[in-house]
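Take a look at the structure set out below.
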Amino acid sequence: MTQPNHRPTPAWWRTASIYQVYVRSFADGNGDGVGDLAGVRSRLPYLRDLGVDALWFNPWYLSPMADGGYDVADYRDIDPLFGTLAEAQDLIVEAHDHGLRVIVDLVPNHCSDRHPWFQEALAAGPGSAERERFWFAPGRGTDGELPPNDWQSYFGGNAWTRTTDPDGTPGDWYLHLFAPEQPDLNWEHPEVRSEFESVLRFWLDRGVDGFRIDVAHGLAKKPGLPDAGPDPDVTDLPYQDVDAVHDIYRSWRKITDSYPGDRVFVGEVWLPTPQQFARYLRPDELHSAFNFEFLCCAWEQEAVRAVVDHTLAAHAEVGAPPTWVLSNHDTIRHVTRYGREDTSFDMGDKRLGAPTDRALGLRRARAAALLTMALPGGVYVYQGDELALGEVEDIPDHLLQDPTFVRSGGTDRGRDGCRVPLPWTPDGGSLGFSPDGSADPWLPQPADWSALSAAAQAADPHSPLNLYRAALRLRRTRLVDLPEALGWLPSDPGVLAFTRDGSFACLVNFTDRPTALPPGATLLLASADLDAGLLPPDACAWLLLPSAG
């Protein structure tokens with residue numbers, strides 16, 4: 001007798017749809033013009049109805065906000081700008097009541113220069129035990145006037161800042177791969193290791209379901225902090241992807257594995273090769289990581305297929321699920337990118353101000369949303385993606401707050417354009433972001449966002465919001481139990497077609513002409529209306545294929 005084939009239910013994070021909440025710009029509950037936990041709690045029904053499985057919160061910890069909260073002064077408390085620790089605990093419980101898991105950001109590469117440890121290090125002076133938790137070093141040159149090495153900050157300029165000794169004379173330098181207000185921690189120090197293990201337990205004990213790890217590839221540095229050199233090998237830099245980082249994640253994995261409920265680590269891992277990337281996803285390290293190769297990929301059939309193939313192959317080697325993401329709080333929103341002549345993304349050249357065709361970008365963004373949700377693995381939705389918000393590129397200079405704008409001397413306008421507060425209603429001074437009569441939003445909203453508000457789109461059956469709702473619903477009911485693999489189907493040039501199980505298929509038309517659906521296919525969902533039975537240009541369709549029998 002043939003036994004029924006019961007596939008084990010995969011861990012939730014292998015197939016999850018995760019919504020990124022940039023708290024400062026999501027919803028303002030207290031009327032100060034800044035998003036907060038009260039605002040998030042008021043919108044939990046919206047997130048539940050959207051159909052996502054989990055929420056990832058950008059840092060909500062106590063912070064001077066030199067880098068939007070990624071400069072943490074206390075990892076066990078909530079910044080008053082956002083609320084209180086009690087509110088965070090209530091939010092976790094309420095999210096769970098709505099069927100939503102909670103992932104919180106963890107920033108372990110660096111802390112704030114206002115963190116007690118760093119303040120103690122400055123006060124203790126050169127050679128002190130307090131300074132060993134960071135990277136302090138004497139300068140080079142006759143009087144130590146040159147930085148200890150040639151490393152550059154990701155935010156522009158030198159990665160070292162010189163201190164002033166208590167007597168007023170210039171002192172040692174300290175390392176900060178980001179802003180000077182974000183000193184790098186020394187992960188060779190046992191107190192740093194034990195402190196963050198304690199922080200993990202603090203939040204796990206309060207019910208969080210996982211952590212997104214900021215700069216996951218950067219914690220360990222090469223011994224001696226050698227120069228990168230004038231023409232460095234990007235696969236072998238002294239300040240990222242150093243082997244010692246993997247020991248950290250192995251110890252952390254033991255902690256999450258000791259808790260019930262499939263707790264998860266998600267890594268922010270920006271590395272040049274899939275092989276380097278995949279090492280972080282070995283079974284005893286991180287559970288998953290953001291797929292930046294896919295985010296950066298141009299809207300071209302051959303490029304997308306190559307990235308999908310690379311991604312699936314690299315993840316298969318370590319048994320990890322792939323993830324798919326189109327935008328986040330650091331990148332140009334993809335509706336804007338996809339309307340440009342060059343549709344790729346490069347963190348070093350964001351091409352701000354390049355001409356963009358909004359209508360074209362919107363068609364491609366709708367298609368890309370269905371593509372990401374059809375692929376095996378997990379998918380991330382950055383807040384506002386479901387509303388098809390574009391990059392805001394005309395924020396006045398005096399309102400910009402991203403440190404990259406200042407650090408680059410104004411040559412890089414930074415990331416504020418993708419962080420503008422969300423529009424919830426078509427009217428009101430803040431389009432529903434804040435209660436009536438509140439302070440202005442912390443970044444200005446474009447006037448034409450009124451038509452893109454959540455309320456306006458909810459009433460339009462053809463809106464991006466309702467497309468996302470339909471796709472996430474079908475994904476949950478039909479796709480998450482399919483095999484974590486795909487097979488490419490024959491298709492015309494410029495068309496991408498694949499099946500997950502021989503029955504469900506996804507078809508993406510990258511060309512400028514309509515294309516036919518497979519014979520006998522039944523349409524489940526499409527990003528655009530069919531044209532005489534044909535899939536229009538820059539559109540995606542989900543299909544059921546006829547039975548081979």
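The values are calculated or read from the model by the stated rules, or taken from the named source; none is laboratory data. Just so you know, these numbers come straight off a predicted model, no measurement behind them. Neighbour counts run over all protein chains shown; Cβ positions are idealised from the backbone, glycine included. Only protein heavy atoms, including side chains, enter the accessible area calculation; ligands, DNA and RNA are left aside. Shrake-Rupley method; radii C 1.70, N 1.55, O 1.52, S 1.80 Å.
Could you tell me which residue out of Val245, Trp135, Ala314 lies farthest along the dipole of the chain toward its positive end? Charges go on the beta carbon: Lys and Arg +1, Asp and Glu -1, centred on the Cα centre.
So the residue we want is Ala314.
For a quick check: with amide H placed at 1.01 Å from N, whose amide H comes under 5 Å from Gly171's, ignoring anything fewer than 5 positions away on the same chain?
Residues meeting the criterion, in which the H sits 1.01 Å from N, are Thr163, Thr164, Asp165.
Using only helices, what value at 222 nm comes out for the chain when you add -39,500 (n - 2.57) per DSSP H run of length 4 or more and divide by the total residues, to the nearest 500 deg cm²/dmol?
-7000 deg cm²/dmol
Might you work out the accessible area of Arg162 for me, using a 1.4 Å probe with all protein chains in place, and round it to the nearest 10 Å²?
70
What distance in nm separates the two pseudo spin-label positions at Asp357 and Asp90, each 7 Å out from Cα along the beta-carbon direction?
Result: 5.0 nm between the two label points.
Would you mind estimating how fast the range 474-535 diffuses translationally, via Stokes-Einstein at 20 °C and 1.002 mPa s with the Kirkwood radius over Cα pairs, in µm²/s? Don't jump to the answer; show the numbers that get you there.
On the way: Rh = 12.6 Å.
Result for D is 169 µm²/s.
Do you know the relative contact order of the chain, to the nearest whole percent, from alpha carbon pairs under 8 angstrom that are 6+ apart?
Details: 1120 pairs, mean separation 72.1, N = 549.
About 13 percent, as a whole number.
For Val21, list long-range residues whose amide hydrogen, built 1.01 Å from N in the peptide plane, is under 5 Å from its own amide hydrogen.
Trp56, Phe57, Asn58
Taking the solvent-accessible surface of protein heavy atoms with a 1.4 Å probe, what is the per residue accessible area of the chain in Å²?
Values: 21280 Å² over 549 residues.
Per-residue value: 39 Å².
Compute the distance from the alpha-carbon center of the range 137-156 to that of the range 268-295, in whole Å.
About 31 Å separates the Cα centre of the range 137-156 from the one of the range 268-295.
Test of the criteria: in the range 254-325, which GluC sites (Glu not before Pro) are in a DSSP loop and have at most 14 other Cβ atoms within 10 angstrom of their Cβ?
Within the range 254-325, the qualifying GluC sites (Glu not before Pro) (loop, at most 14 other Cβ atoms within 10 Å) are Glu300.
Taking K and R as +1 and D and E as -1, what net charge do the other residues with C-beta under 11 Å from the C-beta of Thr163 add up to?
-1
On full extension of the chain, what length is gained from Glu302 through His189, given 0.36 nm per residue of separation minus the C-alpha to C-alpha distance?
Working it through step by step, the gained length comes to 36.1 nm.
About the Cα centre of the range 287-411, what is the dipole size in debye to 20, counting +1 per Lys and Arg Cβ and -1 per Asp and Glu Cβ, all else neutral? The partial results should precede the final answer.
Numbers: 11 positive and 18 negative charges, 54 e Å.
It works out to roughly 260 debye.
So if I restrict to the alpha-carbon atoms in the range 332-427, what is the Rg, and what is Dmax, the biggest pairwise distance, in Å?
Spelled out, the Cα radius of gyration and Dmax of the range 332-427 are 14.4, 44 Å.
Give the calculated FRET efficiency between Ala485 and Asp257 to the nearest 0.05, with a Förster radius of 25 Å applied to their Cβ-Cβ distance.
Computed FRET efficiency for Ala485 and Asp257: 0.45.
Which percentage, to the nearest 5, of the DSSP beta bridges contained in the chain is antiparallel?
Beta bridges within the chain, antiparallel portion: roughly 55 percent.
Multiply the residue separation of Asp74 and Asp512 by 0.36 nm, subtract the distance between their alpha-carbon atoms, and state the gained length in nm to one decimal.
Net length gain for the segment: 152.4 nm.
For the range 270-397, what is the convex hull volume of its Cα atoms per residue in Å³? Let's see the in-between values first.
Numbers: hull volume 14.3 nm³, N = 128.
Per-residue hull volume (Cα only) is 112 Å³.
Where the only charges are on Cβ atoms (+1 Lys, Arg; -1 Asp, Glu), what is the dipole of the range 145-234 about its Cα centre, to the nearest 20 debye? Show your work: numbers first, answer last.
Working: 7 positive and 17 negative charges, 70 e Å.
Dipole size: approximately 340 debye.
Out of the total accessible area of the chain (probe 1.4 Å, heavy atoms of protein only), what percent is carbon and sulfur?
The C+S portion of the solvent-accessible surface of the chain is 52 percent.
Calculate the all-directions average of the projected area of the chain's alpha-carbon convex hull, and give it in nm².
Mean projected area of the Cα convex hull: 27.5 nm².
Have a look at Gly261, Ser194, Leu281 and report the one farthest towards the positive end of the charge dipole of the chain, computed about the Cα centre with Cβ charges (Lys/Arg +1, Asp/Glu -1).
Towards the positive end, the residue furthest out is Gly261.
Which stretch or stretches of the range 256-280 have amide N atoms under 19 Å from the point lying 7 Å from Ser198's Cα along the Cα→Cβ direction?
The answer is 256, whose backbone nitrogens lie closer than 19 Å to the label point.
Got a sec? Charge dipole of the chain, +1 on Cβ for Lys and Arg, -1 for Asp and Glu; which of Ala359, Gly520, Leu443 is way out at the positive end?
Gly520
Compute the distance from the alpha-carbon center of the range 462-486 to that of the range 49-69, in whole Å.
Value for the Cα centre distance between the two parts: 24 Å.
Quick one: of the DSSP bridges fully inside the range 149-303, what percent are antiparallel, nearest 5?
Antiparallel bridges make up about 45 percent of those DSSP assigns within the range 149-303.
In whole Å, what is the distance between the alpha-carbon centres of the range 406-423 and the range 229-253?
28
To the nearest 20 debye, what is the magnitude of the charge dipole of the chain about its Cα centre, counting +1 on the Cβ of each Lys and Arg and -1 on the Cβ of each Asp and Glu?
In debye, rounded to 20, the chain gives about 1920.
Within the range 120-200, list the GluC sites (Glu not before Pro) lying in a DSSP loop whose Cβ has at most 13 other Cβ atoms in a 10 Å radius.
Glu145
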